[in-house]
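J.: Here it is, the structure, as structure tokens.
The values are calculated or read from the model by the stated rules, or taken from the named source; none is laboratory data. In this text, all values refer to a predicted model and were calculated from it rather than measured experimentally. Here the Cβ is made from the backbone with ideal geometry for all residues, glycine too, and neighbour counts use every protein chain on show.
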Amino acid sequence: MKSAVPTVQAAALVLLCLTACRRDVPEEPASGAHTTPFILDLPANFPVPIIPASNPLTEEGIALGRRLYYDTLLSRNGPFEGFACASCHHQATSFTTPTAGTNVLAHVNLAWGTNFLWNGKVCGTLEDVMRFEVEEFFQVDMAELNAHPDYPQLFQEAFGIDNITSDHVVKALAQWFRRMVSSNSRLDRHLRGELLLTPEEMNGAMIFLSEVGDCFHCHPLPLMTDNGFHNIGLASTFGGFDVGRFAITGAPMDMGAFKTPTLRNIALTAPYMHDGRFQTLEELVEFYNSGVQHSASLDPLMTKPGPSLTLGLTPQDKANLVSFLHTLTDEAFLTDPALGSPF
């Protein structure tokens with residue numbers, strides 16, 4: 001077990017952040033379309049997003065992807081007929097679904113993702129996971145899109161093409177997902193010097209960003225996810241979907257490991273864990289404090305000194321940690337009309 005990080009060092013992790021914004025200018029699209037480049041305004045502490053040169057961000061491509069995201073036409077002849085992406089990913093809850101007994105991963109800041117779905121079934125770029133969504137999950141019927149009164153013109157404007165293929169649907173959706181950026185929570189504004197967190201929130205931040213709570217290893221600033229996979233001790237034995245990443249890799253140390261979800265907007269994305277077993281942030285914190293179960297593949301980050309796996313947080317520590325998690329809520333992201341339905 002690592003020794004405790006001094007409080008002042010943890011505080012530095014919260015306070016040392018640049019205040020300027022970076023503007024990532026996309027390249028011109030390779031097609032013959034006359035498009036308008038879209039510029040992402042990102043805080044300077046955000047990493048450079050993954051944007052393939054073959055699919056630069058454009059106003060037309062993003063608008064098209066947005067419409068597709070909210071359109072049930074994508075599933076017209078597939079196994080989930082009548083559903084759109086937005087049917088299970090609601091803006092008001094950070095593009096996830098508040099349904100007990102399951103957990104739909106939030107569609108937020110996936111421009112920086114390389115592993116997708118709870119067990120990482122798809123790895124690579126947003127284009128890779130959108131291809132899975134288009135061709136396997138929704139099984140989009142290209143004939144439906146090509147016969148539509150509006151889509152042929154919209155795809156022509158975005159990509160300069162006369163025949164819509166799955167490649168073009170994939171690119172449009174990938175562009176839209178890169179537009180779905182959350183970067184204006186109270187914590188973000190604190191880091192930019194625009195406001196101060198309360199003493200309780202700051203104390204929670206110290207717990208989060210030190211070995212006391214040991215949260216920051218898997219949920220580092222600013223994206224609040226390491227994009228990796230961890231067995232965090234939800235069970236001591238595994239079967240069915242609970243085997244997690246093991247189902248993909250077959251590696252014993254991946255047994256029970258799942259993708260680290262972002263904690264951005266975490267106060268609104270209950271239930272928690274891959275199986276939706278926790279309904280509140282208080283339950284979630286208490287699990288990490290006293291509920292971790294040992295198994296052969298338990299992530300070393302979850303081990304604690306002595307025979308116990310408990311963190312030993314006091315009631316006040318736990319309350320402060322919950323207060324800090326609430327600072328990750330980005331109201332602008334949740335209410336931005338530009339991210340809502342175009343219909």
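J.: Select from region 93-139 the residues that are more than 25 Å from Asn55 (Cα to Cα) and aromatic (Phe, Trp, Tyr) and list them in ascending order.
T.: Trp118
J.: Conditions: (1) aromatic (Phe, Trp, Tyr); (2) farther than 25 Å from Phe95 by Cβ; (3) in contact with a Lys or Arg (Cβ under 9 Å, 6 or more places away or on another chain). Trp176 meets all but one. Number of the miss?
T.: The single condition Trp176 does not satisfy is (2).
J.: Of the numbered conditions (1) over 20 Å from Ala158 (Cβ atoms); (2) surrounded by 22 or more Cβ atoms within 10 Å (Cβ to Cβ), Gln91 fails exactly one; give the number of that condition.
T.: Gln91 satisfies every listed condition except (2).
J.: Among residues belonging to region 74-86 that are at pLDDT 95 or above and assigned to a helix (DSSP H, G or I), point out the one that is surrounded by the most Cβ atoms within 10 Å (Cβ to Cβ). Walk me through how you get there before you give the answer.
T.: Step one: list which residues in region 74-86 are at pLDDT 95 or above, which gives 84-86.
Filter once more, keeping what is assigned to a helix (DSSP H, G or I): 85-86.
On the way: Cys85: 23, Ala86: 18.
Per the criteria, the residue is Cys85.
J.: Anything in region 196-218 that is of a type outside the set (A, V, I, L, M, F, W, C) and not in a loop (DSSP other than H, G, I, E, B)? List them, or say none.
T.: Let us first name the residues in region 196-218 that are of a type outside the set (A, V, I, L, M, F, W, C), namely 198-201, 203-204, 210-211, 213-214, 217.
Pro199, Glu200, Glu201, Asn203, Gly204, listed by residue number.
J.: Which members of region 115-128 meet the condition of being under 11 Å from the mean Cα position of the chain (by Cα) and polar (S, T, N, Q)?
T.: Asn115
J.: Count, please, the residues in region 75-101 that happen to be over 22 Å from Val140 (Cα atoms) and either in contact with a Ser or Thr (Cβ under 6 Å, 6 or more places away or on another chain) or of a type in the set (Ser, Thr, Tyr) (or both).
T.: To start, the set of residues in region 75-101 that are over 22 Å from Val140 (Cα atoms) comprises 91-94, 97-101.
Keeping just the survivors that are either in contact with a Ser or Thr (Cβ under 6 Å, 6 or more places away or on another chain) or of a type in the set (Ser, Thr, Tyr) (or both) gives 93-94, 97, 99.
Residues meeting the conditions: 4.
J.: Being free of Cβ contacts under 8 Å to residues at least 24 places away in the same chain and in contact with a helix residue (DSSP H, G or I) (Cβ under 7 Å, 6 or more places away or on another chain) is true for just one of Phe229, Phe278. Which residue is that?
T.: Numbers: Phe229 fails: free of Cβ contacts under 8 Å to residues at least 24 places away in the same chain.
Being free of Cβ contacts under 8 Å to residues at least 24 places away in the same chain and in contact with a helix residue (DSSP H, G or I) (Cβ under 7 Å, 6 or more places away or on another chain) holds for just one of Phe229, Phe278, which is Phe278.
J.: Looking at region 110-124, is at least one residue within 18 Å of Ser166 (Cα to Cα) and buried (at least 18 other Cβ atoms within 10 Å of the Cβ)? Can you show your working first?
T.: Here is the first cut: in region 110-124, the ones within 18 Å of Ser166 (Cα to Cα) are 122, 124.
Imposing the further condition that a residue be buried (at least 18 other Cβ atoms within 10 Å of the Cβ) reduces the set to 122.
Checked against the condition, which is being within 18 Å of Ser166 (Cα to Cα) and buried (at least 18 other Cβ atoms within 10 Å of the Cβ), region 110-124 yields at least one hit.
J.: Which of the following residues is within 23 Å of Ala106 (Cβ to Cβ) and among the hydroxyl-bearing types (Ser, Thr, Tyr): Ser182, Ser210?
T.: After ruling out the rest, the residue left standing is Ser182.
J.: Closer than 17 Å to Asn115 by Cβ, of a type in the set (Asp, Glu) and surrounded by 18 or more Cβ atoms within 10 Å (Cβ to Cβ): does that describe Asp214? If you could, list the steps in order and put the result at the bottom.
T.: Numbers: closer than 17 Å to Asn115 by Cβ: no; of a type in the set (Asp, Glu): yes; surrounded by 18 or more Cβ atoms within 10 Å (Cβ to Cβ): yes.
When the stated conditions are applied, Asp214 does not pass them.
J.: Something else about it: Whether any residue in region 145-164 is β-branched (Val, Ile, Thr), in contact with a helix residue (DSSP H, G or I) (Cβ under 9 Å, 6 or more places away or on another chain) and buried (at least 23 other Cβ atoms within 10 Å of the Cβ) is what I want to check. Give the steps one after another, and end with the answer.
T.: Of region 145-164, the ones β-branched (Val, Ile, Thr) are 161, 164.
Narrowing the set further to residues that are in contact with a helix residue (DSSP H, G or I) (Cβ under 9 Å, 6 or more places away or on another chain) leaves 161, 164.
Filter again for buried (at least 23 other Cβ atoms within 10 Å of the Cβ), leaving 164.
Checked against the condition, which is being β-branched (Val, Ile, Thr), in contact with a helix residue (DSSP H, G or I) (Cβ under 9 Å, 6 or more places away or on another chain) and buried (at least 23 other Cβ atoms within 10 Å of the Cβ), region 145-164 yields at least one hit.
J.: May I pose another question? Can you name the residue in region 87-106 that is within 13 Å of the chain's Cα centre (by Cα) and assigned to a loop (DSSP other than H, G, I, E, B) and, of all such residues, is modelled with the lowest pLDDT?
T.: For region 87-106, the residue satisfying everything is Asn103.
J.: Next question. Identify the single condition in (1) within 19 Å of His294 (Cβ to Cβ); (2) in a loop (DSSP other than H, G, I, E, B) that Leu221 does not satisfy, given that it satisfies every other one.
T.: So Leu221 meets the others, but not (1).
J.: If you check Gly256 against the conditions, is it in contact with a strand residue (DSSP E or B) (Cβ under 6 Å, 6 or more places away or on another chain) and farther than 15 Å from His219 by Cβ? Walk me through it before giving the result.
T.: Values: in contact with a strand residue (DSSP E or B) (Cβ under 6 Å, 6 or more places away or on another chain): yes; farther than 15 Å from His219 by Cβ: yes.
In short, yes.
J.: Can you tell me which of (1) modelled with pLDDT under 95; (2) within 24 Å of the chain's Cα centre (by Cα); (3) of a type outside the set (Lys, Arg) is the one Ala267 doesn't meet?
T.: Ala267 satisfies all of (1) modelled with pLDDT under 95; (2) within 24 Å of the chain's Cα centre (by Cα); (3) of a type outside the set (Lys, Arg) except (1).
J.: Would region 217-224 turn up any residue that is free of Cβ contacts under 8 Å to residues at least 24 places away in the same chain and not assigned by TED's automatic domain parsing to the domain that holds Ala53? Before the answer, list the steps.
T.: So in region 217-224, the residues free of Cβ contacts under 8 Å to residues at least 24 places away in the same chain come out as 220.
In the following step, the residues that additionally are not assigned by TED's automatic domain parsing to the domain that holds Ala53 were identified as 220.
Yes: one or more hits.
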